[in-house]
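Taking it in order: structure first as structure tokens, then the write-up.
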Amino acid sequence: MTAYQTRLLSASPPDIAAAAEYLRRGELVGIPTETVYGLAADATNEQAVARIFAAKGRPQDNPLIVHVAQLCDVEPLVTAFPPEAQKLAQAFWPGPLTIILPRSPRIPASVSAGLDTVAVRMPSHPVAQAIIRAAGLPLAAPSANLSGSPSPTTAAHVMADMAGRIPAVVDGGPCGVGVESTVVSVSPGCARVLRPGGVTPAMLQKVLPHVEVDPAVTHPLADGQRAASPGMKYKHYSPRARVILVKASPQGFAQFVNRQAAAKPEGLMALCFDGEETSLAVPFLTYGRRDDANEQAQQLFNALRQLDERGAALVYAACPSDQGVGLAVYNRILRAAGFEVITLDR
Ligand code: AMP
Ligand code: MG
């Protein structure tokens, strides 16, 4: 892999032009979106796409999402755009919704990890929009982290993982949503959530009467079971520390963590909700208020990265609600914990 002096670009017009030029040349650029930062490349250039997998250390069987700036850009990428998908696009694009569609030959098979479908999204972030338009290309862009580690929600996170591996990162400020897009597949009259995100099942249901949530969102796949959304089969979003998710009341959580602390385990930390740290006798980080899933989504990945910076080895994490945007937060933290969950009496 080439070693780069990674440039941190701003969202100014000349810097966006520079980012677009890298992309047209088949190079990678870290870009802000409203969900998380993406590691973008020309989705129609097989060599550029191969660079994404190399820079992230991403397994070849984990497909990428293709980002467009406007509806008419979708047509060349797909062989069909069913009415259900059109309704969802109408309702939620630009925004944090990815739709799985049948892939056209214009998109190399490697983008989709060999699947005959392609995941398409239209981001709403003005800087992402400007970069896609300036490049004049559909952009394949997974989250801009090293494979397995927490997704980046600031340009500094991207720099921490990608400095030296890519020519440039565009700084568009912290991401508004903070977790990756909702991924859905469609069938007649129906949407199926393969990965939860900022667009919730209840929001989808207002557009399509029948919405299902794939069991892999909240449960580990059985051995040999095929993932509808291949990313779901990996341990993901994880800090180096072992994370254990604790389902408990605020009091129950504090009592449990303080009891564990008595044995003085090395590197013990708690990850809890704002305001619930007061009765904890161990070092802690917080990730938003217990009743505010949007805040938790915005803060979770930064908190997971900070746990590593603080040298945590064992983290007890307070479990979020799985309602609304909370389902996305729960899905990510469950994977960060590798499905290790302790349920206490409430
Ligand atoms: P990332 O961009 O890192 O958030 O990962 C994109 C995720 O979208 C993958 O891990 C898959 O789970 C999902 N995805 C992308 N393309 C497809 C596809 N063609 N079919 C199903 N899921 C997909
Ligand atoms: Mg990712």
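Write down Rg/Rh for the stretch 228-299, rounded to two decimals, with Rg from the C-alpha atoms and Rh from the Kirkwood relation over Cα pairs.
Ratio of gyration radius to Kirkwood radius: 1.02.
Taken per residue, the accessible surface of the chain reaches 40 Å², heavy atoms only and a 1.4 Å probe. Where in the stretch 275-299 does the label zone of Gln255 land, with the point 7 angstrom along Cα→C-beta and an amide N cut-off under 16 Å? What the label zone holds, given the 16 Å backbone N cut-off, is 279-281. Ordering of 168-177, 75-84, 281-290 by packing is 168-177, 281-290, 75-84, highest average first (other Cβ atoms within 10 Å, averaged per residue).
The equivalent ellipsoid of the stretch 33-170 has semi-axes of 23, 17, 13 Å, largest first, where each one is the square root of 5 times an eigenvalue of the Cα gyration tensor. Using a Gaussian network model of the chain in which every pair of alpha carbons under 10 angstrom is joined by a spring, one finds that among Ala128, Ala328, Ala262 the greatest mean-square fluctuation is at Ala262. Over the Cα atoms of the chain, the radius of gyration divided by the Kirkwood radius equals 0.97; this is the Rg/Rh ratio. Taking the 1.4 Å solvent-accessible surface of the chain as the whole, the part contributed by carbon and sulfur is 52%.
Here the alpha carbons of the stretch 121-178 define both size measures, Rg and Dmax, at 11.7, 31 Å.
How would you classify the stretch 204-346 from its alpha-carbon gyration tensor, with a ≥ b ≥ c the square roots of the eigenvalues: rounded for a/c under 1.5, else prolate if a/b is greater than b/c, otherwise oblate?
In terms of gyration-tensor shape, prolate.
For Gly26, the shell of other residues with beta-carbons less than 9 Å away shows a net charge of +1, using +1 for Lys and Arg and -1 for Asp and Glu. Restricting the calculation to Cα atoms, the stretch 8-80 shows an Rg/Rh of 0.97 when the hydrodynamic-style radius is the Kirkwood one. Between the stretch 194-217 and the stretch 1-34, how many Å separate their Cα centres? The distance from the Cα centre of the stretch 194-217 to that of the stretch 1-34 comes to 33 Å. Hey, what D do you get for the stretch 286-346 in µm²/s if you plug the Kirkwood alpha-carbon radius into Stokes-Einstein at 20 °C and 1.002 mPa s? This corresponds to a translational diffusion coefficient of 177 µm²/s. Phi angles of the stretch 311-316 translate, via the Karplus equation with coefficients 6.51, -1.76, 1.60 and θ = phi - 60°, into HN-Hα couplings of x, 5, 10, 9, 10, 8 Hz per residue; Gly and Pro are given as x.
In the chain, the DSSP beta bridges split such that about 40 percent are antiparallel, to the nearest 5. The helix-only estimate of mean residue ellipticity at 222 nm for the chain, built from DSSP H runs of length n ≥ 4 each weighted as -39500 (n - 2.57), is -8500 deg cm²/dmol after division by the residue total. Beta bridges from DSSP with both residues in the stretch 1-125: antiparallel share about 75 percent, rounded to the nearest 5.
Give me D for the stretch 138-249 in µm² s⁻¹, whole number, from Stokes-Einstein with Rh from the Kirkwood sum over alpha-carbon pairs, 25 °C and 0.890 mPa s.
Working: Rh = 16.5 Å.
This corresponds to a translational diffusion coefficient of 149 µm²/s.
Using only Cα atoms, find the angle between the long axis of helix 46-56 and the longest principal axis of the chain, and express it within 0 to 90 degrees, rounded to the nearest 10. Taking the Cα atoms of the chain, the angle to 46-56 is about 10 degrees.
The values are calculated or read from the model by the stated rules, or taken from the named source; none is laboratory data. Treat the numbers as computed from the prediction; the structure is a model and nothing was measured. All Cβ positions, even for glycine, are placed from backbone atoms using ideal geometry, and neighbour counts span all protein chains on display. Ligands, DNA and RNA are excluded from the accessible area calculation, which covers all protein heavy atoms including side chains. Shrake-Rupley method; radii C 1.70, N 1.55, O 1.52, S 1.80 Å.
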